[in-house]
DNA sequence: GTTATTTTTTGACAATTGTCAAAAAGAAGC
DNA sequence: GCTTCTTTTTGACAATTGTCAAAAAATAAC
């Protein structure tokens, strides 16, 4: 038995986990920064501010991030994992979107209007998120034209994405929508149970099952 | 016969029409400015710039503003009249939105990405519009944080509007969608032929007719 | 490996909505 | 007024999709 070695070992483990948290933290916010850079370059002053404004959130599987009826005061960056936004429609819970890392997520209607959310957001995998309050984001946008621009550009992208889904929902048949899912976002099928995919496509689970069996 | 009086008359008429154009022009851009103010207040320097950047367009009834396949390089403010955005879906032309003055209009996908438009925009009434090119708008956004902000806020509003329509298209029945049209946007029925309203609601004209007759 | 639990598929039938064709109603031109 | 053109409604039938119930398959728990 070697007490000192055992003690060293424990210290090392503690230090190790400490550093891994730190480095994980840094690596993580780096991912957020890198994602933002896709929209627009960032000046160094702003990078420091962003470090201060975003906080990490760990969300286990099948937990609520946003609950129907409560006002959503935060924007989230999904670094790892997957989420779904769902509606309560006459007692039935329907999925209307999925988010996969890396992406920004919130209950947009509630976040924008600051009215109670009509949708819920819950994790379908264990998630790592970074969150910023609406107040802080607004302050950042007031102070930095650059941030306002990033948010504007982000909205453009989210608008187009939504428009595409609207046109599909309105004018395409169930089979066509499934076909498009297969070609454009096949990863959804690999990470989400079919029941959720069905309501995401706006059809019943049985119909989706039959569409799938026909080829 | 009184030549001088007649000449005076002619001069007066010319002057009159000149002034009426000017005042009409001013009144019109005032409407645009006032509409923008709903999003955010404007400082005086910017107001002058906006006068220079926007140009008036008169569009008679049933004319194209944006044509499928051409890239849309302009944003429009609809001061008077009504427009519809339509898709060519396997030979059939379907309406996916209406715009009524006052509102901003463009083929968003094309305007944002600068790819060829998949939709057309045409007037369903005689229209007065004010147009600004994407280049000029970008320049304005670069120069004025304020303009960037207005655009960002505008996108928020348009996003919410679209989200609402998406949820309806995806999760509500034809009758429910018609009912919502009746309560939320009844003016559409008064200004648009039923065939267009039907595809706007994502149903056939015959089905819409039957829904209407049932109450 | 066996047992529970969850997810997916299948069958039978009903409801909704679409399609095609024709009639009726309304608006516009003369 | 009458005629022409457009818009809206109606009828008959087909196609699509939903609902309920049960079986089969897959996954998780022990």
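Quick look at the values:
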read-out: Residue satisfying condition, being at pLDDT 95 or above and within 20 Å of residue A:200 (Cβ to Cβ), within set A:109, A:145, A:96; value: A:109
read-out: Those residues of the stretch A:176-198 which are closer than 16 Å to residue A:87 by Cα and either surrounded by fewer than 16 Cβ atoms within 10 Å (Cβ to Cβ) or within 9 Å of DNA strand D (Cβ to nearest atom) (or both), in sequence order; value: A:195, A:198
read-out: Filter result (modelled with pLDDT of 95 or more, surrounded by fewer than 21 Cβ atoms within 10 Å (Cβ to Cβ) and in contact with a strand residue (DSSP E or B) (Cβ under 6 Å, 6 or more places away or on another chain)) within the stretch A:115-128; value: A:116
read-out: Number of positions in the stretch A:199-215 that are away from DNA strand D (no atom under 11 Å from the Cβ), assigned to a helix (DSSP H, G or I) and surrounded by fewer than 17 Cβ atoms within 10 Å (Cβ to Cβ); value: 2
read-out: Residue pairs meeting the criteria (Cβ under 7 Å; at least 6 apart or on separate chains; first within 12 Å of chain B (Cβ to nearest Cβ), in the stretch A:188-206; second within 11 Å of DNA strand C (Cβ to nearest atom) and not in a helix (DSSP H, G or I)); value: A:198/A:204
read-out: Restricting the stretch A:165-175 to residues that are part of a helix (DSSP H, G or I) and more than 8 Å from chain B (Cβ to nearest Cβ), the residue that is nearest to DNA strand D (Cβ to nearest atom); value: A:174
read-out: Members of the stretch B:176-187 found to be within 16 Å of DNA strand C (Cβ to nearest atom) and either outside any helix (DSSP H, G or I) or in contact (Cβ under 8 Å) with a residue 24 or more places away in the chain (or both), listed by number; value: B:177, B:178
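The values are calculated or read from the model by the stated rules, or taken from the named source; none is laboratory data. If you're wondering where the values come from, they're calculated on a predicted model, not measured in any experiment. Ideal geometry is used to build each Cβ from the backbone, glycine not excepted, and the neighbour counts take in all protein chains shown.
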